[in-house]
1. Which residues, counting only those in segment 59-92, are among the hydrophobic types (A, V, I, L, M, F, W, C), at pLDDT 95 or above and more than 16 Å from M115 (Cβ to Cβ)?
2. Residues in segment 125-160 that are among the small types (G, A, S), part of a loop (DSSP other than H, G, I, E, B) and surrounded by fewer than 22 Cβ atoms within 10 Å (Cβ to Cβ): how many?
3. Please list, ordered by first then second residue, the pairs with beta carbon atoms under 9 Å, 6 or more apart or interchain, first in segment 83-106 and among the basic types (K, R), second in a loop (DSSP other than H, G, I, E, B).
4. Looking at K95, K191, K100, which is the one that is crowded, with 17+ Cβ neighbours inside 10 Å, of a type in the set (K, R) and more than 15 Å from the chain's Cα centre (by Cα)?
5. If I filter segment 30-42 for residues that are in contact with a Phe, Trp or Tyr (Cβ under 9 Å, 6 or more places away or on another chain) and buried (at least 23 other Cβ atoms within 10 Å of the Cβ), do I get at least one hit?
6. Residue by residue through segment 64-78, note down the ones that are in contact with a helix residue (DSSP H, G or I) (Cβ under 9 Å, 6 or more places away or on another chain) and in contact (Cβ under 8 Å) with a residue 40 or more places away in the chain.
7. Considering only segment 74-90, state which residues are exposed (fewer than 13 other Cβ atoms within 10 Å of the Cβ) and either touching a Leu at 6+ places or on another chain (Cβ under 8 Å) or of a type outside the set (S, T, N, Q) (or both).
8. When only residues in segment 107-124 that are outside any loop (DSSP other than H, G, I, E, B) and free of Cβ contacts under 8 Å to residues at least 24 places away in the same chain count, which is farthest from the chain's Cα centre (by Cα)?
Amino acid sequence: MDLFTKAQDFKDKLKDIKVLAFDIDGVLTPGHVWYQDDEMGFNRSSHTSDGYALKLLMRAGFKVGVISGGASKGVQERFVNNLKLDFAFLGDEDKRVAFKKVLDLGFEPHEVLFMGDEFFDVPLLKAAGFAVTTPHASHEIKMFCDYVTQREGGHGAAREMIDIFRYVHGIVPEVLDFDDKPIDFKSSWPK
């Protein structure tokens, strides 16, 4: 799949996005949970390429965060303390309040991209300016989305969407070569 073509297809809807919000379970993780112990509670695994892409968006000046029903210590460690996301609303399956708090930061619904995969994500998917889900989401959820990723949740699905978003906004990481010169990633982009 050519993500550059997808970026062109979605350019008009993505150009006004200023906030990117993600569900955790099934989007930033594969959806598997296990009970670790009394201190950590239920835990999850996440993909490092998703985490790196979230940080890249924040460095580019976009607001990035999570809205999740899960709130274990492991979730807090990864998304609050490790990634230091701009916002993290955790522990409530009724995500409408969290979405309103994001808007209260000074944003309009059309300026928010939301990526979720479950029925209780639908109010946010309907309200967001751009809605995304993963392939394993139920049909009813997909019908409210602008895009369904090819990659599964927890296996680079968020990175796939973020790459499309990056191509629309011209975002590349600043990586220096051994001569301390920035590597030109955009030269590989189609004209």
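The values are calculated or read from the model by the stated rules, or taken from the named source; none is laboratory data. Keep in mind that this is a model prediction, so the values were computed, not measured. Glycine gets a Cβ as well: all are built from the backbone with ideal geometry, and neighbour counts include every protein chain shown.
1. Across segment 59-92, the qualifying residue is only A60.
2. Pass one, segment 125-160, residues among the small types (G, A, S): 127-129, 131, 137-138, 153-154, 156-158.
Next cut, part of a loop (DSSP other than H, G, I, E, B) only: 128-129, 137-138, 153-154, 156.
Adding the requirement that they be surrounded by fewer than 22 Cβ atoms within 10 Å (Cβ to Cβ) leaves 129, 138, 156.
So the answer is 3.
3. Between residues of segment 83-106 that are among the basic types (K, R) and residues that are in a loop (DSSP other than H, G, I, E, B), the close pairs are K95/D23; K95/G69; K95/G116.
4. Numbers: K191 fails: crowded, with 17+ Cβ neighbours inside 10 Å; K100 fails: crowded, with 17+ Cβ neighbours inside 10 Å.
After ruling out the rest, the residue left standing is K95.
5. Looking for residues that are in contact with a Phe, Trp or Tyr (Cβ under 9 Å, 6 or more places away or on another chain) and buried (at least 23 other Cβ atoms within 10 Å of the Cβ), one finds none in segment 30-42, hence no.
6. Residues satisfying the conditions are V64, G65, V66, I67, S68, G69.
7. Correct list: K84 only.
8. Restricting to residues being outside any loop (DSSP other than H, G, I, E, B) and free of Cβ contacts under 8 Å to residues at least 24 places away in the same chain, the top hit is F119.
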